[in-house]
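Note sheet for the following structure.
Here, each number is a calculation from the coordinates, and none is a lab measurement. Everything numeric in this text was worked out from a predicted model, so none of it was measured. Quick reminder, even Gly has a Cβ in these numbers, built from the backbone with ideal geometry, and neighbours come from all protein chains shown.
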Amino acid sequence: MAILIKNGTILNPATSTNEVLDLLIEGDTISKMAPSITAADATVIDATGCYVAPGLIDMHVHFRDPGQTAKEDIETGSRAAAHGGYTTVCAMPNTNPVVDCPEVVKYVHDKAKQVGLCNVLQVGAMTHGMKGEELSDLEGMIEAGIPAMSEDGKSVMNTNLFREALRVAAAHHIPVLSHCEDINLVDGGVMNAGPKAEALGIRGISNAVENIIEARDIMVAEETGATLHLCHCSTKESVELIRDGKTKGIKVSGEVCPHHFTLCEDDIPSAADSNYKMNPPLRTAEDREALRRGLADGILEVISTDHAPHTAEEKSRDFTKAPFGIVGVETAAALTYTELVLGGYLTPMQMFAKMSYNPARILDIDRGDISVGKVADVVIFDPRETYEIHASDFHGKSRNMPYEGRPVQGTVVTTILAGKITYKR
């Protein structure tokens, strides 16, 4: 069946299109874009006042499947993603078992296709069991369809082994998604090191924990020619490290999560509220502003969520005992629009570039573009609606996030995956 989207403002970063147009979808493909389209028997969606943009792409989610499905699974994660406007996500490999072989890659891809709510691209672990001792079956997983490799949740601390993985990635033209954390410097820290941690009596994590590995990884990427993407950048220094790398012609990019450009350590109410506990931690207001500026000037090219579901029981523990991480796919678009677009850091076009077109370009996938002839992955976003975030409205399994009752503006009203409506408000 055809879908006709009428009167929406088309925002397509791939072609710099910013115009009120109709969009016709036939089958799984965008077949026409024009000022006025009529189509018999099409399902008509009136998008007056809304943005019509490429479906969002999240380079960094944890769907906990296989093995940790009390927190999330492919179906609930896909449903949450569709609610948030996402049509493609990259699932990190720190599951149980770890995604370090083609068989587990196939399990995730097959289950995602069966669910049919979101393209779930399974990322492969760099080392066997994520133990950092020997490389995984990288070539086998590449053949099975991984879009990238990562050790997310930790760094490969053996630099020689890390270099070998980057050589494989470079040879096969896939990016490395790097979690940057010097585990020896963490030293039991659970929040940002500084006056706030001292006041709460909690061990801190310094900026250097992240920055040292970022610098190392950029240097190894330069040596190997690999494409390096730095996950969840949280420090002011990370912006300058990426800027310097780009100046030298190194293939390096970076992402920021909404919690890092929205919140800072001053927002943590107490050591009892672990919904503010994530890794890397909420940094200073100065770091937050540097990240916003890095997004504004294009040094930081991607907005990802690091969607990290946990059970209510786990997150009921205090800061020292609860696991790191918050959910994010259902709040990212609204937070980005509210904090960065209305805040004057990004235009709406830049928002969708960082949430769709740029991720597609880095991953080298044919998505993030709603030109005629392209696959019809589309999000319709209403920038006018104001409301409060409430976890009770979420579609995923978990509710762990620090935004309860937070006012935002802008909401996803429809998500379309390959011509099929996967979410409609």
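General observations
- When peptides 28-39, 144-155 are sorted by average Cβ neighbour count within 10 Å, with the highest value leading, the order is 144-155, 28-39.
- Checked against a 21 Å cut-off, the cross-linked pairs Lys236/Lys354; Lys32/Lys111; Lys315/Lys424; Lys131/Lys154; Lys111/Lys131 give Cα-Cα distances beyond that limit for Lys32/Lys111; Lys315/Lys424; Lys111/Lys131.
- Peptide ranges 408-417, 230-239 listed from the most packed, as the mean C-beta count within 10 angstrom indicates: 230-239, 408-417
- Ranked packing of 9-16, 214-221, 332-339, most packed first, by mean Cβ within 10 Å: 332-339, 214-221, 9-16
- Label-point gap, in nm, between Ser270 and Lys32 - each point 7 angstrom along Cα→Cβ: 6.2 nm
- Between the range 234-262 and the range 323-372, the alpha-carbon center distance in angstrom: 16 Å
- Normalising by residue count, the chain has a Cα convex hull of 122 Å³ per residue.
- By the rule of a C-alpha distance below 15 Å, with chain neighbours fewer than 8 residues away ignored, the aspartates and glutamates paired with Lys374 are Glu26, Asp28, Asp364, Asp366.
- Relative exposure of Lys196, Lys420, judged by other C-beta atoms within 10 Å (fewest first): Lys420, Lys196
- Kyte-Doolittle mean at least -0.5, axial Cα span of 15 Å or more - DSSP H helices of the chain: 159-172, 207-224
- The range 55-363 - share of DSSP beta bridges that are antiparallel (%, nearest 5): 5 percent
- FRET efficiency estimate (nearest 0.05) - Cβ-Cβ, Ala199 to Ser371, R0 41 angstrom: 0.20
- Globularity ratio of the range 274-348, using Cα Rg and 2.2 N^0.38 Å: 1.25
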